[in-house]
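K.L.:
To start, I am sharing the structure in question, which I have written as structure tokens.
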Amino acid sequence: MGVILDGLVLGLQLALLSVGIVFVYGLGGVLNLAHGQVAVAGGLVAALLVQARQHPAVAGLVGVLAAGLLALGMDRTLLQPAYRRRGEERLLLALILTLGASFALDGFYTFRYPNLALSLRLAKPSVEVLGITVRTASLAVGALSLATFGLLLAFLKGTRLGKAIRCVIQNEAGAWLCGVDVDRARTVTLFLSGLLAGVAAVGQGFFSFLGPDMGPEFTILSLIVAVVGGVRSLTGTFLASLLLGVVNAALSYWVGTYLTWIALLAVAVATLLVRPEGLLAYWP
Amino acid sequence: MSTGWARRVFPVAAAAVVLAAVPLAVGGSPYQMRLATLMLVLGCYAVAFNLLFGHTNQLFLCVGALASLGGYASVLLVRDLKLPAVLAVGLATVAAAAAGGFLSYVGVRRGFGVLFVGIVTLAVSLMMHNLLLGLRELTNGETGIVTRGFGVGLGDDPRRAYYVLWAVLVASLGGYRWLFGSPHGMALHALSEDEVSAELSGIDVTRYKVACATAASGLIGLVGALYADLNGFISPSVYAVGHVDIPVLVALLLGGVRTLLGPVVGAALFSVVDELVRPFGQLTVLAYGALLVVLFLLFRQGVVPLVEQLAARGRGSAAEGARLSAPPASKEGVAGGTGR
């Protein structure tokens, strides 16, 4: 039972990470291979602030903001040449550029902060809910993720900018013809993806701990979710995240980490082979 | 005709002579010899990757995985099945070639674009990595295997290791030169420009892509097996994406995609840069990443085409023929021929 709950919380975390990567892909035609590294940036900034004896809430907020700003910076500098191209050329250029960025960031983290880790402890480690003992951290992280998703949905459905973003995802040229500032929508989306990744990283700090070398793991996990869930809808990503979260937790518990990784990757490859057209394609 | 032939063979012969002279220049220092040998290893990988990525648009992010297949297969065949080392290296090469050919076949048949091939091969790389870590009783996990005595003995003699790798590199350059001097070269140029048009003009794109991937993967597997021997030790991390694939990508971009000597020049330059940043430990990863970004943004043509252009400017239009293999339309660089 505890495993399932941990899996669900992990799934929510995954959803926060993957929604960002899926959004940026769906909207910008850019697969951000440095997405996990953006998340880690948020976690490390939070860890630095905790080290400097700031309140954890302040540290977490600033960390999330830092991740958003890093994504924003990448959008304004690194990805500009990619946006100037179309179709597969844009994909390839962005793929190589973000791959390079991911290694540069990873190198920087492990060089500059080899021993820094974000680990936030709650006052009360566990509580009884409906007769089972549950870690407070799991509940807190679950609530945090759900609240973030609520805000995201409210933004997308309720605000003009959110609607504009959904327009661009559906049809870039059409949205542009209707007067939507495509460039701005893309920038906002990258910023949002950074914020969501930052929340996931800070959540990871509550849940267990976050180290400087976790970027690749985050990127790969969100990539697997994006592939399996497809980028048709937010719901698809969300469901795939929960499913893979539970599978991940259960498999790690029963068969160990290495086999779990192989299984998850195999699922992603199999999905690509069986239904390549629906997965990682542009939104309809 | 004979001058054309001489002009075609000359670059390969020149590269062979220059590379053969390197051990004389560095003297007997084992450390320098090791660096020089690793440069050749990287050069071989880059030649193979050039064929995959540069000429047939197949972004194989599993160079390290194929090399590890070659390395582990050759070592385990000798250690556990007591096969002769040469036979084991041969079988390992065949295994890697088959694996690469299979991946390519699946990719082509499913109509994967460059992105999907990249993702699938990256996933395959990570699966291989975790498999090697997980099969602990066979591979010793992260501890790795000491390969002394399980190979053809390259680990004991740095000079021999160098010249064996030299022979492999020169042979692969010769093969590359032959390929692009033959009608197949024209077909490959056509398909790297636009696969649909190539198919329509009667070129069997699937066969060319799979054949290139098989040959390139075989080369990668062979070099991976030889590396296992000369390095004296293998573990999953010596074949990791960050240790093999990224340097190969950087070296190829640095030297020049779709050129004969680009992979070799790039490997040499990369080895120098790598040596310069080595004292800074983890900073090497940062340097690789930054180099990849800068190269891909600002310097996509690479050193070899640049030198050729400068030389051509010096000699006027007479130097048109000196372009090694890239057709004029490919100036745009790697992404120029990604097809649609």
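The numbers here are math on the coordinates, done by the rules we state, and not lab data. What you see is a predicted model, and the numbers here were worked out from it, not measured in a lab. Heads up, the Cβs are rebuilt from the backbone with ideal geometry, glycines too, and the neighbour counts pull from every protein chain shown.
K.L.:
Return, ordered by residue number, the residues of the range B:262-285 whose backbone nitrogen is under 15 Å from a label point located 7 Å along Cα→Cβ of B:PHE299.
P.N.:
Taking a point 7 Å out along Cα→Cβ of B:PHE299, the residues of the range B:262-285 whose backbone N falls under 15 Å are B:262-277.
K.L.:
I've got another one for you. Can you tell which of A:GLY43, A:ILE165, A:SER126 lies farthest toward the positive end of the dipole of the range A:2-213, using +1 and -1 charges on the Cβ of basic and acidic side chains (Lys, Arg; Asp, Glu)?
P.N.:
Value computed over the given set: A:ILE165.
K.L.:
Could you work out how far helix B:262-277 tilts from the main Cα principal axis of chain B, as a 0 to 90 degree angle to the nearest 10?
P.N.:
That helix lies at roughly 50 degrees to the long axis.
K.L.:
Starting from the Cα of A:THR159, step 7 Å along the direction of its Cβ; do the same at B:VAL86; then give the gap between the two resulting points in nm.
P.N.:
With each label placed 7 Å out from Cα toward Cβ, I get 7.1 nm.
K.L.:
Just rank B:VAL78, A:VAL50, A:VAL199, fewest to most, by other beta-carbon atoms within 10 angstrom. If you can, show how the numbers build up before the last one.
P.N.:
On the way: B:VAL78 23, A:VAL50 20, A:VAL199 30.
Result, fewest neighbours first: A:VAL50, B:VAL78, A:VAL199.
K.L.:
What's the extension gain from B:PHE233 to B:VAL17 if we count 0.36 nm per residue and subtract their Cα-Cα distance? Numbers along the way, then the final one.
P.N.:
On the way: separation 216, 0.36 × 216 = 77.76 nm, distance 3.01 nm.
This chain segment gains 74.8 nm when fully extended.
K.L.:
For the range B:159-165, take each phi angle, set θ = phi - 60°, evaluate the Karplus expression 6.51 cos²θ - 1.76 cosθ + 1.60, and give the result in whole Hz per residue in order, putting x for glycine and proline.
P.N.:
5, 5, 4, 4, 6, 5, 5
K.L.:
Continuing with this model, one more query. Could you run the Karplus curve 6.51 cos²θ - 1.76 cosθ + 1.60 with θ = phi - 60° over the range B:222-227 and give me ³J(HN,Hα) per residue in whole Hz, x for Gly and Pro?
P.N.:
Here the 3J(HN,Hα) series is 4, 5, x, 5, 5, 4 Hz.
K.L.:
Given a 10 angstrom Cα cut-off, can you work out which residue in B:LEU51, B:LEU261, B:LEU292 is the most mobile in a GNM of chain B?
P.N.:
The residue with the greatest mean-square fluctuation here is B:LEU292.
K.L.:
So, one more: Springs between alpha-carbon pairs under 10 angstrom, Gaussian network model over chain B: which of B:GLY221, B:GLY28, B:GLY144 fluctuates most?
P.N.:
Among B:GLY221, B:GLY28, B:GLY144, the largest mean-square fluctuation in the Gaussian network model of chain B belongs to B:GLY28.
K.L.:
May I pose another question? Cut-off 10 angstrom, C-alpha nodes, Gaussian network model of chain A. Which of A:LEU27, A:LEU78, A:LEU221 fluctuates the most?
P.N.:
A:LEU78
K.L.:
Looking only at other chains, what is the average number of their beta-carbon atoms within 10 angstrom of each beta-carbon in A:84-96?
P.N.:
Values: counts 0, 1, 0, 3, 8, 7, 1, 7, 11, 7, 1, 8, 12.
Mean partner-chain Cβ count within 10 Å for A:84-96: 5.
K.L.:
Report the gain in length on full extension from A:ASP183 to A:SER119: 0.36 nm times residue separation, minus Cα-Cα distance, nm rounded to one decimal. Could you put the intermediate results ahead of the total?
P.N.:
Working: separation 64, 0.36 × 64 = 23.04 nm, distance 3.71 nm.
Here the segment from A:ASP183 to A:SER119 would lengthen by 19.3 nm.
K.L.:
Can you tell me the FRET efficiency between A:GLU128 and A:ALA270 if r is taken as the Cβ-Cβ distance and R0 is 60 Å, rounded to the nearest 0.05?
P.N.:
Using R0 = 60 Å, I get an efficiency of 0.90.
K.L.:
Please list the non-local residues whose amide H lies under 5 Å from the amide H of B:GLN58, H modeled 1.01 Å from N, same-chain partners needing a gap of 5 or more.
P.N.:
When sequence neighbours closer than 5 places are left aside, the close amide H contacts are B:PHE53.
K.L.:
Using a 7 Å offset from the Cα along the Cα-to-Cβ direction at both B:ARG136 and B:VAL26, what is the distance between the two label points in nm, to one decimal?
P.N.:
Placing both labels 7 Å beyond Cα along the Cβ direction yields 3.7 nm.
K.L.:
Report, largest value first, the span of the C-alpha coordinates of the range B:85-204 along each principal axis, in whole Å.
P.N.:
Here the spans come out as 52, 35, 21 Å, largest first.
K.L.:
Let me ask another. Between A:SER126 and residues 5 or more places away or on another chain, which pairs have amide H atoms under 5 Å apart, with H built 1.01 Å from N, and which residues are they?
P.N.:
So A:SER126 has HN proximity to A:THR136.
K.L.:
Same structure again: Between B:MET186 and A:LEU139, what is the FRET efficiency for a Förster distance of 60 Å, r being their Cβ-Cβ separation, to the nearest 0.05? Could you put the intermediate results ahead of the total?
P.N.:
Values: r = 66 Å, r/R0 = 1.09.
For B:MET186 and A:LEU139, the calculated efficiency is 0.35.
K.L.:
Note down, for chain A, the three equivalent ellipsoid semi-axes (square root of 5 times each alpha carbon gyration tensor eigenvalue), biggest first, whole angstrom. Show your work: numbers first, answer last.
P.N.:
Numbers: eigenvalues 171, 94, 72 Å².
Taking √(5λ) for each Cα gyration eigenvalue gives 29, 22, 19 Å.
K.L.:
Return the sequence-ordered ³J(HN,Hα) values of the range B:9-19 in whole Hz as given by the Karplus equation 6.51 cos²θ - 1.76 cosθ + 1.60 applied to θ = phi - 60°, using x for Gly and Pro.
P.N.:
7, 3, x, 5, 5, 4, 4, 4, 5, 4, 5
K.L.:
Tell me what chain B gives for mean residue ellipticity at 222 nm when only DSSP H runs of n ≥ 4 count, each as -39,500 (n - 2.57), the sum divided by the residue total, rounded to 500 deg cm²/dmol. Working shown, then result.
P.N.:
Values: 14 runs with 238 residues, N = 340.
Taking each H run of at least 4 residues, the total per residue is -23500 deg cm²/dmol.
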